[in-house]
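One structure is given below, encoded as structure tokens.
Values quoted throughout were computed directly from the atomic coordinates according to the rules given, and no laboratory measurement underlies them. Everything quoted here is computed from the prediction, not taken from an experiment. Because the Cβ atoms are built from the backbone with ideal geometry, glycine has one as well, and the counts that use them run over all protein chains shown.
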């Protein structure tokens, strides 16, 4: 998995998000964008089939504690369904692309 | 009350626009009408009148006709292009047929001759504003009705939410996410129980309970009251609540007896049933230690048991041995069946087997086949959903499955409570899975396994409570805390991978055990729905991906089950 900055406040995460290292990598990349002053972050996820609860927890903390807006663009239907089941589509602004 | 006061009652909520070029008239009319309206806007000519009309919410226009810049009629013509409703009183000393026809065609409501007789003006105002008042009243009533409707909808929604919560609280499932371990004659037998509860309405005519009544002994209750909707649900809720209470008391006294349970329930419910009311129930006492099942079923669909001896498979249909329960006493019987070679058991309400497909095929015809090929209630319900139309009745499914004795592959891994070792273990598990299923399926499964491994690490061995974890995440101290804790933690995580041949598929079982104190699995019922919480979703993610997850009694060991399609494997 790789988390890359693809815009001023856009991060593209390629590969499957799964391990603790993936969580750390996403967290570091997102933090670097926030440090530069971003209050809205777009996460583009073209490959991942799932998302660990640790990453979800981190994103929710950004929304509810740090007041950072998240927009999540996902390609895989399984990941979108998981977000729906977990009632996260609205709070994380999850959209298909 | 004089006429003016009566008029004031009608007009006091309205805004009037008065257009007059002659100051003397303006001042006189303004004085005479003062206090009659909520607000009075004054314009000196047609152009100003038009501007004020456009910029304000006007209920009534009183205008002179002959004015510089723009006449009253020309102003009315412009106003009518954007508004055809507002009543207009034209003050004029000029009476001409052509003028009158134009004024009437422009929708002038009333005419008052100049010089003004104020009695006539008050009458004109009264007539002109009646329609406005009525329209305002209608609008207000519509708005109030809409508000009332919104309130009622909100109220009903809240009531339904509470009712569902209550209904689910009445259902007691001692096997929620738990497995049954039986140790007998040096052998270990593992049973997995799964369930589906799909009420048609919020308040259901179906209900169930699964209660532990002794060592390896479970009581299963299925209730399906006559009819559908609220009336059926009252009897169902009464029945389930009473029987749960009976089980609670029996456990307190040290012994549960099926006969006593049925007798006690009958004595209770006969007082509550209407003369023509019936209740269908299943009272089942399964003794997994001694391989026997005692049952009294009252007009419930047959219990299905799959018996397997070597390669021989047979489905036993245990039909109801009693009539439905009614207000009137009817003798009943309890029968016993051996479950020695039984590998699967299915208990269900008639909403399942009596459902029809679009081409009028009853699901009962497919149930036996789907029962044989399913490993869980979730899988069976998936087959049901793919063949049948929308259910027309409440559906309850309780499915028991015995783990096959010999796996085709078994691999045990033990690791320290350390993130680095968890990463290595997941790589190893992934490489094993890749031999039995497609890489994408393995990746999805690994998400579930990682969640459970992480739970064993942080909640099990490190003993991090959910509330404490939320606090640490909020303060950005979570990772540092884990690093500090794992440096001194000596507890280990035990991973057992088992893969069984299962018909045309592989059955994967991954058991993850920690050395922590365990937890009450029922707390998971409340987890994972609040989108403002930062944690508590791991098990829900695993549940979504797996066919089933089952905890040990203590809660420090979890088994994930997933059927793997052999066609998708890579040569394993």
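Couple of notes before you dig in:
- Residue among A:60, A:73, A:86 with the largest mean-square fluctuation in a Gaussian network model of chain A, springs linking Cα atoms under 10 Å: A:86
- The mean of 1/r over all pairs of different alpha-carbon atoms in the protein assembly as shown, once inverted, gives a Kirkwood hydrodynamic radius of 31.0 Å.
- Its DSSP H runs of at least 4 residues, each contributing -39,500 (n - 2.57), put the calculated 222 nm mean residue ellipticity of chain A at -12000 deg cm²/dmol, to the nearest 500.
- Peptide A:83-90 has a mean of 3 when you count, residue by residue, the C-beta atoms of other protein chains within 10 Å of its C-beta.
- 0 to 90° range, to nearest 10: angle between helix B:364-373 axis and chain B longest Cα axis: 60 degrees
- Sum of -39500 (n - 2.57) over DSSP H runs of 4+, divided by residues of chain B (222 nm, nearest 500): -12500 deg cm²/dmol
- Helix B:258-269 axis, angle to chain B major axis (alpha carbon atoms, nearest 10°): 20 degrees
- Taking a quarter of the surface of the Cα convex hull of the range A:2-96 gives a mean projected area of 5.1 nm².
- DSSP-defined antiparallel bridges as percent of all bridges, the protein assembly as shown, nearest 5: 75 percent
- Shielding by other protein chains, B:421-428, mean Cβ within 10 Å: 1
- Overall shape: oblate for the range B:268-406, with the ratio a/c of the largest to smallest alpha carbon gyration tensor axis at 1.5 or above and b/c at least equal to a/b.
- Crossing angle, helix B:419-433 versus chain B [Cα axis fit, 0-90 degrees, rounded to tens]: 80 degrees
- Under 11 Å from the residue B:334 label point (7 Å along Cα→beta-carbon), backbone N, the range B:289-325: B:294-296
- Prolate/oblate/rounded call for chain B, Cα gyration tensor, a/c under 1.5 rounded: prolate
- Shielding score for A:54-64, defined as the mean number of other chain Cβ atoms within 10 Å: 5
- On the basis of the beta-carbon distance and an R0 of 60 Å, residue B:7 and residue B:390 show a calculated FRET efficiency of 0.45.
- Proxy reagent accessibility, fewest Cβ within 10 Å first, across B:22, B:271: B:271, B:22
- Three-way shape call for the range B:3-137 based on the alpha-carbon gyration tensor, with the a/c threshold at 1.5: rounded
- Listed peptides B:180-187, B:85-92, B:149-156 appear in the order B:85-92, B:180-187, B:149-156 once ranked by packing, highest mean of other Cβ atoms within 10 Å at the front.
- If the chain linking residue B:289 and residue B:435 were pulled fully straight, counting 0.36 nm for each residue of separation and taking away their Cα-Cα distance, it would gain 48.9 nm.
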